Amino acid sequence: MVESNQRKLTEKLEDVNRRQTELDDLLDIQRQTLHKVSGMNSEEAKHQLLEQLSRELSNEQGALILKRERELAEICDAKAKKR
């Protein structure tokens, strides 16, 4: 059970790292696009995108935390039923 949980955690960490790379790439593309379209300077565009990214990441983190809590509750319930 512990090995399985460790494997799942490792997979999730790899997924988070992959998503972070994707988000970094998207952030760069969006910043460049905003700069071209809106006439914002680079710092203004960067600030706006970082705020947007922060909101999106907070939402994803919240969803991930809730999912993990549910998984842990299921594991605890299963262990309790075995006893």
All but one of (1) at pLDDT 85 or above; (2) more than 23 Å from the chain's Cα centre (by Cα); (3) surrounded by 11 or more Cβ atoms within 10 Å (Cβ to Cβ) hold for LYS67; which doesn't?
(2)
Segment 20-31 residues that are part of a helix (DSSP H, G or I), paired with ones that are surrounded by 14 or more Cβ atoms within 10 Å (Cβ to Cβ) (beta carbon under 6 Å, 6 or more apart)
LEU27/LEU49; LEU27/LEU53; GLN30/LEU49; ARG31/ALA45; ARG31/LYS46; ARG31/LEU49
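For LEU34, state whether it is surrounded by 10 or more Cβ atoms within 10 Å (Cβ to Cβ) and touching a residue at least 24 places away in the same chain (Cβ under 8 Å). Let's see the steps before the verdict.
On the way: surrounded by 10 or more Cβ atoms within 10 Å (Cβ to Cβ): yes; touching a residue at least 24 places away in the same chain (Cβ under 8 Å): no.
So LEU34 fails the test.
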THR10 - would you say it is of a type in the set (Val, Ile, Thr), part of a helix (DSSP H, G or I) and more than 20 Å from ILE75 (Cβ to Cβ)?
no
Set LEU27, LEU50: member being at pLDDT 80 or above, farther than 28 Å from LEU72 by Cα and touching a Leu at 6+ places or on another chain (Cβ under 7 Å)
LEU27
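Do we have LEU72 as open to solvent by 90 Å² or more (accessible area, probe 1.4 Å) and modelled with pLDDT of 85 or more here?
Values: open to solvent by 90 Å² or more (accessible area, probe 1.4 Å): yes; modelled with pLDDT of 85 or more: yes.
So LEU72 fits the description; yes.
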With the structure loaded, tell me whether ALA73 is without any contact (Cβ under 8 Å) to a residue 24 or more places away in the chain and touching a Leu at 6+ places or on another chain (Cβ under 6 Å) or whether it fails that test.
no
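The values are calculated or read from the model by the stated rules, or taken from the named source; none is laboratory data. Not measured: the values here are computed from a predicted model. We place every Cβ from the backbone using ideal geometry, glycine too, and count neighbours over all the protein chains shown. Accessible surface is based on the protein model in full, side chains and every heavy atom, while ligands, DNA and RNA are left aside. Shrake-Rupley method; radii C 1.70, N 1.55, O 1.52, S 1.80 Å.
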